[in-house]
Amino acid sequence: MEHYGFLSLVPALSTVVLAIATRRTFEALLGGSIIGYVILKGPGFFKAFLDSALAVMADPTIGWVILVCGLFGSLIALLTKAGGTQAFSGLVLRFAKSKKTALLTGWVLGLIIFIDDYLNALTVGTSMQRVTDEHKVSREMLAYIVDSTAAPVCILVPFSTWAIFVAGLLEDQGLVAAGQGISGFIRTIPYNLYGWTAAMIVPLVILGVIPPLGAMRKAEERAQRGILAPPGSNNISIIGANFEMEQGVKPRLINFVLPIIVLITATWASGVDAFQGIVIAMVVTAVLYIGTRVMSPLTFADTFFDGFKTMVYPLAIVMVSFILRNANDELGLTPYVIETVKPIMRPGLLPAVAFVTLALVAFATGTFWGLYAVSLPIIVPLAQAIGSNVWLAVGAVISAGAFGSHACFFADATVLSSAGSGCDNMAHALTQLPYVLIAGGISTVLYVILGYALI
């Protein structure tokens, strides 16, 4: 496995340091990416950086992300303009009489909408924002709850986009027969320990068993003074001040419920393809709103494009994170880290070492599914060769990706959880970090215990 040695770590570490120092996500990613291409190409870094940017824009994956996220922004704007979001929030407020019940409702919604982390992050955040605002909940707390039910929950159910991707890799590794990938993924679910711990810590935080920690405590104290969103949130907020309900429109629950049900159902029916789901939902929304005269065709079109534009900043973060991923891949960061820790891989310790190592790689690079594709072909034969429990080791790898998606400040789900909750991205990432580390620490201990118990 080719790599640049210790230099492979420099762009990722530089990005983390810049992000913490500046509390800016896009700029930190840009700086880390440029540093990566300076290491790779020296004086020719500028052209290499631009070539990578063009390659990213031509990548079908980034095209999918742009279309899906942009259309989500459009749908959210339309739901608000039509009074659907207000109607849903009003219904929830009848039952969510306290801060705790409001937050528990958001957690339950996140558990229900498990098909895709994008769908979860944007739908739950925007639908619950007004509810939590009424109870003076900081946007950081809402974003934490939303993010905790994105990737961590997606790795616990066999009907998510994450499950389908991992299932294919398990077939490629010969762990299961062709066509039996989902059954293989189901075998990993008990061992996807980070998903279990991250999801179960949320109600403990809501109920006060685990108190607000560090920056989250300050955010909650600020919210009690009526300042719900941290500075900079206007850059990434989708809903709230950006859109107002159309004058003369009466909030009706169907204007929210029908588009969301169609979105979830169509995503499921299309083989868990969020792009097909959002397009079908958009068509149904157009027929519903224009057909019932909630808004005119021109107002619908204007709101559609206004909503799409609100996703430009989150999408810019995602795009430049892909450029950084390209640099990390060329530098061989993941192979270098795995090669470095291989000597300490023992049968009982392998799951814990794999989890910690790959979780740190995922956190620093923002690579999750790509991490699975690189690491599973190494971890699976290694586990088989040294007599470690293979399915426990696979669960550790899956958990590491979920940890990265949850913790990394430029991860897709983190950025979209911030956007859906109307919260500055770095503020969200830093306030949720203590809880992410608690879940990661518990998972590590459990992997050590099970690693020796299941040999």
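Taken together, the values in this text are just the output of simple stated rules run on the coordinates, not laboratory data. Predicted model only: the values in this text are computed from it and were never measured. A quick note on method: Cβ atoms are made from the backbone with ideal geometry, for glycine too, and the neighbour counts reach across all protein chains shown.
Summary of values
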{"item": "Cα Rg over Rh - the stretch 1-118, Kirkwood", "result": "1.15"}
{"item": "Neighbourhood net charge (15 Å Cβ-Cβ; Lys/Arg +1, Asp/Glu -1) for T357", "result": "+1"}
{"item": "Kirkwood estimate for the chain, i.e. one over the average of 1/r between Cα atoms, Å", "result": "22.3 Å"}
{"item": "Estimated 222 nm signal from helices in the chain, with DSSP H stretches of n ≥ 4 weighted -39500 (n - 2.57), rounded to 500", "result": "-24000 deg cm²/dmol"}
{"item": "Evaluated over the stretch 406-455, the Cα radius of gyration and Dmax, each in Å", "result": "14.6, 46"}
{"item": "Residue-wise HN-Hα coupling along the stretch 38-43, computed from phi with Karplus coefficients 6.51, -1.76, 1.60 (Hz; x: Gly, Pro)", "result": "5, 5, 6, 10, x, x"}
{"item": "Karplus (6.51, -1.76, 1.60) ³J(HN,Hα), θ = phi - 60°, over the stretch 144-152, in Hz, Gly and Pro reported as x", "result": "4, 5, 4, 5, 6, 10, 8, 4, x"}
{"item": "Under 16 Å from the Cα of K99 - aspartates and glutamates, other chains or at least 8 residues apart", "result": "D133, E134, E140, E220, E221"}
{"item": "Sum of side-chain charges, S52 neighbourhood, beta-carbon under 11 Å (Lys, Arg +1; Asp, Glu -1)", "result": "-1"}
{"item": "Charge context of D117, other residues only, Cβ under 10 angstrom, K/R +1, D/E -1", "result": "-3"}
{"item": "Cα coordinate range in the stretch 324-455, projected on the principal axes (Å, largest first)", "result": "48, 33, 19"}
{"item": "Per-residue HN-Hα couplings for the stretch 281-298 [Karplus 6.51, -1.76, 1.60; θ = phi - 60°; Hz; x = Gly/Pro]", "result": "4, 5, 5, 5, 5, 4, 4, 5, 6, 6, x, 9, 6, 5, 8, 6, x, 5"}
{"item": "Rg/Rg_ref, the stretch 309-370, where Rg_ref = 2.2 N^0.38 Å and atoms are Cα", "result": "1.41"}
{"item": "D306 paired with A55, simple spin-label distance in nm, labels 7 Å along Cα-to-beta-carbon", "result": "4.0 nm"}
